[in-house]
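Enquirer: Below you will find the structure I want to go over with you.
No value in this document is a laboratory result; all are computed from the given coordinates. Remember, it's a predicted structure, so these values are computed and weren't measured experimentally. For neighbour counting, all protein chains shown are included, and Cβ atoms are generated from backbone atoms with ideal geometry for every residue, glycine included.
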Number of protein chains: 2
Amino acid sequence: MTIITSKTNPLIKKIKKLTKKKYRKDSYLIEGWHLFEEAYQAGASFGPILILEEERHRLPADVNYQVVSPAVLAEVADSKTPQGIVAEVQREVQEAPDLTQGKWLYLEEVQDPGNVGTMIRTADAAGFKGVLVSPGTADIYSPKTLRSMQGSHWHLPIYEYPLGQLAQEAHAPLLVTSLQNRSQSYLDLGPLDAVILLMGNEGQGASEQAHSLADQTVHIPMAGQAESLNVAIAAGILLFHLKNS
Amino acid sequence: MTIITSKTNPLIKKIKKLTKKKYRKDSYLIEGWHLFEEAYQAGASFGPILILEEERHRLPADVNYQVVSPAVLAEVADSKTPQGIVAEVQREVQEAPDLTQGKWLYLEEVQDPGNVGTMIRTADAAGFKGVLVSPGTADIYSPKTLRSMQGSHWHLPIYEYPLGQLAQEAHAPLLVTSLQNRSQSYLDLGPLDAVILLMGNEGQGASEQAHSLADQTVHIPMAGQAESLNVAIAAGILLFHLKNS
């Protein structure tokens, strides 16, 4: 057994590139046992799997691995405690989504990786068909997004999908979350078999383009003195309302 | 006008103590204009207000302040960009809560400051009467909690309240969020004028003690393959369901 102990080892240098977004076009890194087990169960294609010697016994027998020193593992990990394993995972090639059916979540320019991951995880729990993200939304393959997404990207498909494309293609009714008063309360929505729920940017909300494309704008009536809801909380309330409608 | 430029100035050393929880028994620090304006509108009692020279004009005329250098401001701030102002704010003395009436949120051992702040902000938006926190819940006066709370602690009262005390006092029905199958779906809850909704720890969920004190346990039915919801998302769904029930 060879243990890689040098941070300048060619394999380590190659894997470390994946800590930068521009190198994550074909594959990305996951950290920790929870995500590894989710990936394994989902039948994901792995690249190199880096592991600490004392953690080897936890790996399934059919998996190739490379033992590394703690310092080398820390070099390619984002979290301070990567739990003994970092693995490269291939991105799946997605076919074009069929947006005429089912319930979809659209994230427009959402900036915070934690919000993006949490919303995808919640869409999964609400049984949505898939998630669309605008090109300016936080990278779904960043360590922070992956951490809050908790493996949901293996449960439902996620597509990068420019908002303008919705104007050109047939799709389910577009429901845009809005702070504008003339929008409808979500409590007054009728049952919807097919819908695309759009959540906007944390600071600006949904764009003018989103408003102009909307089949319906919607808001969450608030009591109390809070000015707004966190975008992931608002998404949670709406996703579960739509799940049950 | 005197500008404090030394990090070892006695006033700065005194204020810097408030970056540690153990010194925040009577007062705490807020950063940035959004929180300052919320505090001012709420009639909060201020201690020293530290400000950059070029930001002075933004302060109301009736407020005392101390101009400091950027390096000194950064010394007492948590965020990298404290937006020109850091202020000491006195904690309010809370009378004992009347838990027999109205809707309350109870946070039991919630560890993440962002989750704690977001849940209090959401309880505010849902018109809840107040929030109870167990002694082991993340400090509500930490910079991260204050940031995600967005001033809601000036809108509704927050009490540190040991769970065991509920056993000894009359209170509204205690609704405990549970992952156990024998709990009720939140969709089947009848209307509730008065309730205490308990959300548990991120990893362990609600404690055995909470389950034994519960008048009703409740869960959120999930579709899809997600194993669980983020605790703040679950709270958002339940708080707004109870708001509307």
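Enquirer: Across region A:199-214, in residue order, what do the Karplus-derived ³J(HN,Hα) couplings come to in whole Hz, using 6.51 cos²θ - 1.76 cosθ + 1.60 with θ = phi - 60° and x for Gly and Pro?
Expert: 10, x, 4, 4, x, 8, x, 5, 6, 4, 4, 4, 4, 6, 8, 4
Enquirer: So if we plug the beta-carbon distance of residue B:14 and residue B:61 into 1/(1 + (r/R0)^6) with R0 = 22 Å, what FRET efficiency do we get, rounded to 0.05?
Expert: Given R0 = 22 Å and the Cβ-Cβ separation, E is 0.25.
Enquirer: Please list the non-local residues whose amide H lies under 5 Å from the amide H of residue B:52, H modeled 1.01 Å from N, same-chain partners needing a gap of 5 or more.
Expert: B:68
Enquirer: Right, something else. Go through region B:5-18 residue by residue and turn each phi into a ³J(HN,Hα) via Karplus (6.51, -1.76, 1.60, θ = phi - 60°); whole Hz please, and just put x for glycine and proline.
Expert: With the stated coefficients, region B:5-18 comes to 10, 9, 5, 9, 3, x, 4, 5, 4, 5, 5, 4, 4, 6 Hz.
Enquirer: Also, I was wondering about something else. Anything over 19 Å Cα to Cα? Flag those among A:13/A:144; B:103/B:243; A:21/A:144, in the order listed.
Expert: Working: A:13/A:144 21 Å; B:103/B:243 8 Å; A:21/A:144 12 Å.
A:13/A:144, as the Cα separations exceed 19 Å there.
Enquirer: Shortest first, in nm, what separates the label point of residue B:70 from those of the same position in the other copies (7 Å along Cα→Cβ)?
Expert: Copy-to-copy label distances at residue B:70, shortest first: 3.9 nm.
Enquirer: Separate question: Please list, ordered by chain and number, the residues whose modelled amide H lies under 5 Å from the amide H of residue A:159; skip anything fewer than 5 residues away on the same chain.
Expert: Here the answer is A:131, A:132, A:133, since their amide H atoms fall under 5 Å of that of residue A:159.
Enquirer: Taking only DSSP H segments of four or more residues, each worth -39500 (n - 2.57), what value at 222 nm results for chain A once the sum is divided by all its residues, to the nearest 500 deg cm²/dmol?
Expert: -8000 deg cm²/dmol
Enquirer: While we're on this one: Dipole magnitude of region B:103-244 about its Cα centre, charges +1 at Lys/Arg Cβ and -1 at Asp/Glu Cβ only, in debye to the nearest 20?
Expert: 380 debye
Enquirer: Let me ask another. ³J(HN,Hα) across region A:125-136 via Karplus (A = 6.51, B = -1.76, C = 1.60, θ = phi - 60°), whole Hz, x for Gly/Pro?
Expert: For region A:125-136, the Karplus curve yields 5, 8, x, 5, 6, x, 10, 10, 10, 5, x, x Hz.
Enquirer: Report the antiparallel proportion of the DSSP beta bridges in chain B as a percent, rounded to a multiple of 5.
Expert: Taking every DSSP beta bridge with both residues in chain B, the antiparallel ones total about 30 percent.
Enquirer: What nm value, rounded to one decimal, do you get for the distance between residue B:215 and residue B:185 when each label is placed 7 Å out toward the C-beta?
Expert: Result for the modelled spin labels: 2.3 nm.
Enquirer: Can I ask one more? Find how much the distance from residue B:167 to residue B:53 grows on full extension, using 0.36 nm per residue of separation minus their present alpha carbon separation; answer in nm with one decimal.
Expert: Stretched out fully, the residue B:167 to residue B:53 stretch lengthens by 35.7 nm.
Enquirer: For the protein assembly as shown, just run the numbers: alpha carbon Rg, then divide by 2.2 N^0.38 Å, N being how many residues it has.
Expert: So the Cα radius of gyration is 1.05 times the expected 2.2 N^0.38 Å.
Enquirer: Here's something else I'd like to know. From the label point of residue A:139, set 7 Å along Cα to the beta carbon, how far off in nm is each other copy's matching point, shortest first?
Expert: Copy-to-copy label distances at residue A:139, shortest first: 3.4 nm.
Enquirer: I need the Kirkwood Rh of region A:103-244: take the reciprocal of the average 1/r across all distinct C-alpha pairs and report it in angstrom.
Expert: Taking every pair of different Cα atoms in region A:103-244, averaging 1/r and inverting gives 15.0 Å.
Enquirer: Using alpha carbon centroids, what distance separates region B:185-217 and region B:34-92, in Å?
Expert: Taking the Cα centre of region B:34-92 as reference, the centre of region B:185-217 is 39 Å away.
Enquirer: Assuming a ≥ b ≥ c are the square roots of the Cα gyration tensor eigenvalues, decide whether chain B counts as rounded (a/c under 1.5), prolate (otherwise, with a/b larger than b/c) or oblate. Provide the component values of the computation, followed by the final result.
Expert: Working: a/c = 2.45, a/b = 2.27, b/c = 1.08.
Cα axes put chain B in the prolate bin.
Enquirer: Can you list, shortest first in nanometers, how far residue A:101 lies from the same residue in the other copies, with each label 7 Å from Cα toward Cβ?
Expert: Inter-copy label distances (nm, one decimal, shortest first): 5.4.
Enquirer: Moving to a separate point now. Summarise the partner chain shielding of A:214-225 as one whole number: the mean count of Cβ atoms from other chains within 10 Å of each residue's Cβ. Walk me through the intermediate numbers first.
Expert: On the way: counts 0, 0, 0, 0, 0, 0, 5, 5, 7, 8, 13, 11.
Across the residues of A:214-225, the mean count of other-chain Cβ atoms within 10 Å is 4.
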